[in-house]
Amino acid sequence: MYRGALLVIGLSASVPVAAQSGDDVVRLTRLVEAQQAQIARLEARLAAIEGAAARPAADAATIASPASAAPPAALAQARPPAPLGQALPSDAHPPSLEQRLARIERAQRDDGHIDWSKGTPEFTSADGRFSFRPRGRALIDWATTTGSEQPGRNMTATQARSLRLGFEGGIGKHLSYLLEGDFADNEVAIKSAYIAWTTAFMGQQAEFALGNRLNDRGLDGSSGTISVPFVERNFVGQGIIPVRGFFGLGAAARVYGDGWHVGVQVSGDDISNPGNESDGLTIGARAHWNPIRTADWLVHLGLWGFHERIAADAARPSRSIAVGGFFNDNLRILPGTFTGARSGNALGYELGLFRRALWAYGEYGGRRLENIAGTRIDQSAWAVSAGWFLTGENSPYLSRGGVWSRPKVLRPVTSGGRGAIELATRYEELDYSDNATGGRGTALTLGVNWYLNNFVRLQLNAIDWTIANPTQRSGATDHGQTLIGRAQIAF
C-alpha cells in the first residue's frame, strides 16, 4: 500500500509538467513553421529579383509579380548524383540570403542612375563622376493687334517664338558643359555653348566659364524667357543691352555667397559674327544682395553695368524693341540712326520685394552711346511689375543668382490637381528720343499664367501700348492693344 501511494503521488505530480511541456513544444513548432514560411517567401522574392536582373526586360515584369513567384522547391531542378571523388557543382550549396543580397547591392552600385525630376532623363554614372541630360523647349504663340492707326500693324498671326534643343552634363566634381541651338523669330542660332569650372574661392562657391553665355544684366535680362512672368522680358532687359545682344562669347566668373553674388563677364561679338572685322569688346558686371531673407519676406537689391568698345562693322548699335510681341515686326520702338558708334556705357538698378505668393519688382537702366565724331546720345528704360499666385505657390525667385526661376507647383494638373495660377501686371517705358530719329513708347500689360506642372505653362498677356517713331508717319503717336497667348513646355 505504501508503494502504491508513492506511485499515485508521482504520477499526479508529473501530469501538469508534461502538459506544460507539450504546450511549449506546440508553440515552438508553430513559430518554426511561421519562420520557415517567411523564409520561403523571402527566397521566392529574392529569386524573382535575381531572375528579373538576368532575363530580358520583357520577362522581368512577369517574374517579379507576386502571383507568378514560385517557391524555392519548384525553382530547383533535379540533378543526378555526382560521381564519387568529383566536386559538387557550384549551385549544389546555394549562397545564403545575406550573400545573395550583397551581390545584388554590388550590382546596383555598378549600374548607372536615371533621374526624371527635371522632366527629361538625367543619366549619371554609378560613381557619380559623369552626367548627361538633354534639354529642350517649345514656345508657341498666337497673337492679335487692334486699334492701330496704321493698318499694317493690325494683324493676327501665329509664331514659334522659340524651339530649342540641347544638352548639359558634368565630368567629375568641378567641370560642367552646356550646348543649345535655337530657332526663334525665323532664325537659327547657337545660344548657350560653354564649359564651366566650379570650385571654392575665398570660402565661397565660384564658377568660371568659357564660351557663349547669357548676360548677367538685370533681373529680367539675366533670366531665361521661360522663367520671366510675362511673354517677353521688360524694356530694360530688351533695350538697355550691348551691341552683341543677350549672349557673349568670352569668359565669365561668378562668386556666390549666402544671399548675394558678384559676376564679371568679358566677351567679344555674338557667336554668329561673320568674321570679316575685328570683334568689339564688352566688359560687364552685376551684383545682387538680399539684405532681408526670412521665411516670409525677401528683399532684392541689384546693381549692374557694362562698357563696350563697338566693332567697326556693327550695323546697328541699338536694336528696335517689340512692344506687342515678336510676331509683329511692324509694331516696334525704333532706335533711329546713329552712324560711327564706337563706345557705350550703361548702368542699371534693381529693387524687388517678395512675400510668399506676392512679389513686386522695379528696374531702371540707362545707356550712353558715343560715335567717332564725339556725338553722344542717351537711352533709358524703366519698368515696374507685380504678381500674385492665387494657388499659394511661393514667388519663383532664385536667391543664388538673383534671377527668376519657375515655381514649384503644389498641385499639378498631371497629378489630379488644378495647377498654379498667377496674376501679373507691368508698366514700362523706353526712351530713344535723345536721338533725333529715335522713338519712344510705353506699355501696360495684364497677364495670367497657368502652370499645369513644373514644365508646362499657358500664358495670356493683354497689352495696351503707345509708341512714337519720328521716322514713321511724321512722328505721329500711335496707340492700340495686343493680345498674346502662349503654350510653353520647357525641360
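The values are calculated or read from the model by the stated rules, or taken from the named source; none is laboratory data. Keep in mind that what you see is a predicted model, and the values were worked out from it rather than measured. So basically every Cβ, Gly included, is an ideal-geometry build from the backbone, and we count neighbours across all protein chains shown.
Can you tell which of GLY245, GLY259 is within 22 Å of ASP434 (Cα to Cα), surrounded by fewer than 21 Cβ atoms within 10 Å (Cβ to Cβ) and under 29 Å from the mean Cα position of the chain (by Cα)?
Numbers: GLY259 fails: within 22 Å of ASP434 (Cα to Cα).
Answer to the selection: GLY245.
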Exercise for review: Answer with yes or no whether ARG233 is assigned by TED's automatic domain parsing to the domain that holds TRP388, buried (at least 17 other Cβ atoms within 10 Å of the Cβ) and free of Cβ contacts under 8 Å to residues at least 24 places away in the same chain.
Suggested key: yes
Point to revise | Residue among GLU428, GLU422 that alone is more than 24 Å from the chain's Cα centre (by Cα), within 22 Å of LEU353 (Cβ to Cβ) and outside any loop (DSSP other than H, G, I, E, B) | key: GLU428
Check your understanding: Just to be sure, is ALA383 closer than 30 Å to TYR432 by Cβ and aliphatic (A, V, I, L, M)?
Key -> yes
Review point. Do the conditions hold for THR471, that is, is it on the phi < 0 side of the Ramachandran plot and at pLDDT 95 or above?
Key: no
Check your understanding: When ILE140 is evaluated against the numbered criteria (1) buried (at least 17 other Cβ atoms within 10 Å of the Cβ); (2) under 19 Å from ALA490 (Cα atoms); (3) modelled with pLDDT of 90 or more; (4) in contact with a Ser or Thr (Cβ under 8 Å, 6 or more places away or on another chain), which criterion, by number, is the only one it fails?
Key -> (1)
Practice item. Please specify each residue of region 304-320 satisfying the condition of being in contact with an Asp or Glu (Cβ under 7 Å, 6 or more places away or on another chain) and free of Cβ contacts under 8 Å to residues at least 60 places away in the same chain. Key: ALA312, ASP313
**Study point:** Failed condition for GLY119, given (1) part of a strand (DSSP E or B); (2) at pLDDT below 95
**Key:** (1)
Review point. In this structure, is ARG153 surrounded by 13 or more Cβ atoms within 10 Å (Cβ to Cβ) and out of contact with any His (no Cβ under 6 Å at 6 or more places or on another chain)?
Key: yes
Exercise for review: Sort out which residues of region 148-173 are in a loop (DSSP other than H, G, I, E, B) and closer than 17 Å to ALA322 by Cβ, and write them in order of number.
Suggested key: SER148, GLN150, ASN154, MET155
